[in-house]
Amino acid sequence: GLEWQTIVTGSSFTAVAGRAYWVNTTSNACTITLPSSASAGDELLFVDYSRTWGTNAVTLNRNGLKIQGGTANAIFGIDGQAINIVYSGSTNGWIPVSDITTGNSQAYSIDFLVIAGGGSGGSTFGGGGGGAGGFRTSTQIAGIGTSITVTVGAGGTNSYRNPGANGASSAISGTGLTTITSAGGGGGGEFNTPPGKNGGSGGGATAGTTNLSAGGDGNTPSTSPVQGFAGGNGVGSNTNAGAGGGGSSSIGISNSGTTSGNGGNGTANSITGSSVTYAGGGGGASESGTQGTGQAGGGNGAAGQGGDATANTGSGGGGSERSGGNYRGGNGGSGVVILSVPTANYSGTSSGSPTVSTSGANTIMKFTGSGSYTA
């Protein structure tokens, strides 16, 4: 007795009781808003027209009424799925009476903060500061039972008379989720290899044998919003001074003569319930002038060993100047991935030993190493 509709290809529509819908998600996910009022016995049917719900899921917006007694929207993300729901009344709301692939799941919103490992500073004759790891945020709906894989990138490391190394990427992924990957920060330049390296934020260059050496590009690969900024340029020849690495909210500062550049600024975020600034650039080093300052836990430049960035900030390491011994550029700070979920939905199932805390109505999981969470 249901009235079949034409194929729906849009990203959203509002369903009308008593109708059946072919839902084609070949090109995009789809959110279906259920009726705002319903009577017991009202019925709806939704069918995966092109077997693509596993790639682009369908979300049922409950629109104020319950779904299976719950107050969360529902996600359907299995290829070839068909779901027939009937309204049972105000106590339990819409209930599936036929779910061909038994893929129905209650769902809830999760906030993500994904920061990659910072790049290390360059060494020898005024090394450039390391760039910060990419800084990305996301809010997504995850169905109950979804396994979310968390990858936390390491900071770049360095040794004597080498350009800095890039940090490693951090990421979150899971069925029905958009994968979020933040790129590792770029390594700082070294006198004989003066340009900074590209990365989430670019590494700072050093003033080597050329008159101008470019800082590494930030936001590489490109994301929107940007995940980081470029490193500073190495200005002048043989001044033995490095530029600052790029940060997640501003570019690194170029050197001025023998004065090294500071790292680019980091970004404040309150996902844990308190404001914390992450992903700042490392400072450049100088042989005879002022040392560059690292930001947001980034390492300072030094006439000697460059300063290491603070762990789990994603900030860049400081550049190194070899005077006084065979010193290395500072290591980049490792990345961090943080999830915030409603405490009412928190499953308590995770791996990788995240630090768990609460803030208001949310439970916070801070991953300082790779692991997983089951929604």
Practice item. Specify which residue in the list 207, 316, 117 is farthest towards the positive end of the charge dipole of the chain, using unit charges on the beta carbon of Lys, Arg (+1) and Asp, Glu (-1), about the Cα centre. Key: 207
Review point. Normalised by the number of residues in segment 1-152, what is the relative contact order in percent for Cα pairs under 8 Å and 6+ residues apart?
Key: 16
Check your understanding: With every protein chain present, what is the per residue accessible area of the chain (1.4 Å probe, Å²)?
Key -> 37
Check your understanding: If you roll a 1.4 Å probe over the chain with all protein chains in place, what percent of the accessible area is carbon or sulfur?
Key -> 47
Review point. Over what distance in Å are the Cα centres of segment 38-78 and segment 224-273 separated?
Key: 47
Study note, to complete from the structure: Computed on Cα atoms, the radius of gyration and Dmax of the chain in angstrom are 25.4, 87
Review point. Hey, rough spin-label estimate for residue 27 and residue 356, points 7 angstrom out along Cα→Cβ, what's it come to in nanometres?
Key: 4.4
Practice item. Would you check the accessible area of residue 191, probe 1.4 Å, heavy atoms only, in square angstrom rounded to 10? Key: 30
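The values are calculated or read from the model by the stated rules, or taken from the named source; none is laboratory data. Nothing here was measured: the structure is a model prediction, and the numbers come from that model. For neighbour counting, all protein chains shown are included, and Cβ atoms are generated from backbone atoms with ideal geometry for every residue, glycine included. For accessibility, only protein heavy atoms count, side chains too; no ligands or nucleic acids. Shrake-Rupley method; radii C 1.70, N 1.55, O 1.52, S 1.80 Å.
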